Amino acid sequence: MNNDEVFMDKATKERYQLEQIRRESGFQHKEEYAAEIAAPLSALNAVSPYRPGKPEKVEASSEVSDEEVQELVEVVTRNKAVGYVALFVALASLFVWPVLMGVSGIVLGIIAFVMGNKILGSWSIALGFIAVVAYFLLVPYYA
């Protein structure tokens, strides 16, 4: 192993994981992060002081309680679930009951967007809107 590789102890890993959960939850930021694809450079640079030989920088205790971590995980899961349900309803509106399900997809998409799941919310709003507009444009030709 090279000396250039970064070694993290247990406390550092916990802090890094908690920071990642905070970023993904959207509580403090108004942006979505794709942390599961690539680690942000700021997080990698923050870990660099925690190499072997510098034990004074490593803290043994964590500042975040387990209840707070559990709450953040539940919020992230709930936000993603609303976004996926909204997308499913909006996609279904293209095939079945375009007005009813299209408007439902738009409303659920707005809720998902407000809750922080901006990508899925935007897609749901757009697909629901397309289904409703297409229905009203095509009905005169088939009625």
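Would you confirm, using the coordinates I've provided, whether Leu127 is farther than 29 Å from Leu72 by Cβ and open to solvent by 60 Å² or more (accessible area, probe 1.4 Å)? Answer is no for this residue. Looking across the range 89-123 at every residue that is of a type outside the set (Val, Ile, Thr) and in contact with a Phe, Trp or Tyr (Cβ under 8 Å, 6 or more places away or on another chain), the one that is most open to solvent (accessible area, probe 1.4 Å) is identified as Ser122.
Does the range 104-119 contain at least one residue that is farther than 20 Å from Val75 by Cα, in contact with a Pro (Cβ under 6 Å, 6 or more places away or on another chain), part of a helix (DSSP H, G or I) and among the aliphatic types (A, V, I, L, M)? Looking through the range 104-119, none of the residues is farther than 20 Å from Val75 by Cα, in contact with a Pro (Cβ under 6 Å, 6 or more places away or on another chain), part of a helix (DSSP H, G or I) and among the aliphatic types (A, V, I, L, M).
The values are calculated or read from the model by the stated rules, or taken from the named source; none is laboratory data. Treat the numbers as computed from the prediction; the structure is a model and nothing was measured. Note that we place each Cβ from the backbone using ideal geometry, even for glycine, and neighbour counts take in every protein chain shown. The protein model used for the area step is the full one, side chains on, heavy atoms only, and it has no ligands, DNA or RNA in it. Shrake-Rupley method; radii C 1.70, N 1.55, O 1.52, S 1.80 Å.
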